[in-house]
1. Taking the Cβ-Cβ separation of residue A:8 and residue A:80 as r and a Förster radius of 25 Å, what is the calculated FRET efficiency to the nearest 0.05?
2. Would you count, across the protein assembly as shown, every pair of lysines whose alpha carbons are under 25 angstrom apart, provided the pair is eight or more residues apart or spans two chains?
3. Place a +1 charge on the Cβ of each Lys and Arg in chain B and a -1 charge on the Cβ of each Asp and Glu, then give the dipole magnitude about the Cα centre in debye, rounded to the nearest 20.
4. Sort B:75, B:57 so the one with the fewest other Cβ atoms within 10 Å of its own Cβ comes first.
5. Looking at chain B, which longest stretch skips every one of the GluC sites (Glu not before Pro) that is in a DSSP loop with at most 15 other Cβ atoms within 10 Å, leaving the sites themselves out?
6. Provide A:100, A:68 in ascending order of the number of other Cβ atoms located within 10 Å of each residue's Cβ, fewest first.
7. How large is ³J(HN,Hα) for each residue in segment A:93-103, as worked out from phi by the Karplus curve 6.51 cos²θ - 1.76 cosθ + 1.60 (θ = phi - 60°), to whole Hz, x for Gly and Pro?
8. Where does the longest stretch of chain B lie that holds no chymotrypsin sites (Phe, Trp or Tyr not before Pro) found in a DSSP loop with 15 or fewer other Cβ atoms within 10 Å?
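A short reminder: the numbers here are calculations on the coordinates, not readings from a lab. As the structure is a prediction and not an experimental result, all values here were calculated from the model. For neighbour counting, all protein chains shown are included, and Cβ atoms are generated from backbone atoms with ideal geometry for every residue, glycine included.
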Amino acid sequence: MIFVILSAILIVTGLVFFVGSAVGLLRFPDFYSRMHAAGKGDTLSSLLVLLGLAVYQLKDFHGFSEDWPILLVIIKILAISVFILITSPTSTHALMDAGWEDGIKPTIQKGSANHLEEDTKDI
Amino acid sequence: MLTKVIAFIAVAITGSLLLYGVADFPSFGDPNSPANAGVEGGAPSISQYFITESYKDTKVPNLVTSVLADYRGYDTMFETVVVFAGGMAIFAILRVLRSKEEPPKPQSRAETFVHGDHNRIIVGTTCKLVIPVIQLFALYVIAHGHHSPGGGFQGGVLIGASFILLALAADLKTALSRLNEPNYIRLACIGILIYAGFGVLCQILGGNFLDYGVLQPVLFTDGPEMARSHSMLGVEIGVALTVSTIMFAIYANLASRGTLNEGL
């Protein structure tokens, strides 16, 4: 029972982050902040949902000798999460870099300190 | 313009003929269709036969694989040939063999401003971690097609995708240095030859084309059923070779407009 509750908490938290990244993707003003929302939110929420599924598998686990296939399923789910943890931020980074190379300028609010010029003058 | 109109008419006629033919099909999953229920007084149900008898015939638990590679092996062989022909068509249309001197490329911003090449470090490290795993998993998918979803087409696409990832992350030259053009065309041909070779070997030993049961004395198996199982693995390997190399060939030709010397 404890595992079911724990997995429910993890999955619901993951879904909340999914909603957050979807809202950010729709509402943020420019390419870079949208990628920020999609990259960070997607990675974390997928990880949380997958961890929730892995924990859910534990509810039928009673002993290693007869229930070892469950451990196999958990290892597979964890392998998927490691894969997502590595690849999702990298793809966000590559997209972001491609956007910068293509000359997309970040939106800068009027009146706020503009460090873009001095930060990028030597590159 | 006129050619486009003619092409549109041809496509419209072919499409409406196909749709007309679909109308006569039994609906999807219909238990009373001839394939599922059999013909009264005539042929028995073919679906029932596969479900109940395919394991006894082939000793392959995954009946999709046994249908695809054994009962319908002829069909799958020519599916592989279709993939091969698609790759060769793209080669024939796009490949520029006698290329003129390349005009010097205008220096892109990537070369001017990425001092430490941080992009290449991050993406390159990730690819180093990921590509071996993808290729190992592809081999698992090919070899495990008998027991779980998978097989030559899926595993071949995974291997092809790993090479495409290398070409995207580094550049096309790096990927081509691992699998260059003569080699990928050779491997694609070898894949089809493996598949057809199994069929011809069956004929030499006195069976029908792709009737793997007669390969028992060659493969040293316990019975004709295990010979079928092992031959299916053999033809899956042939399919995987063709599909993976043709995937990469299509990408390489499309991404470099047939010159194979620059990439995206």
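1. 0.80
2. 12
3. Working: 16 positive and 19 negative charges, 224 e Å.
Dipole size: approximately 1080 debye.
4. Values: B:75 11, B:57 18.
Ranked by crowding around the Cβ, least crowded first: B:75, B:57.
5. Working: sites that count: B:40, B:101, B:262.
Counting at most 15 other Cβ atoms within 10 Å as exposed, the longest clean stretch of chain B is B:102-261.
6. Fewest to most other Cβ atoms nearby, the residues stand as A:68, A:100.
7. With the stated coefficients, segment A:93-103 comes to 4, 5, 4, 4, 5, 5, x, 5, 5, 7, x Hz.
8. B:29-208
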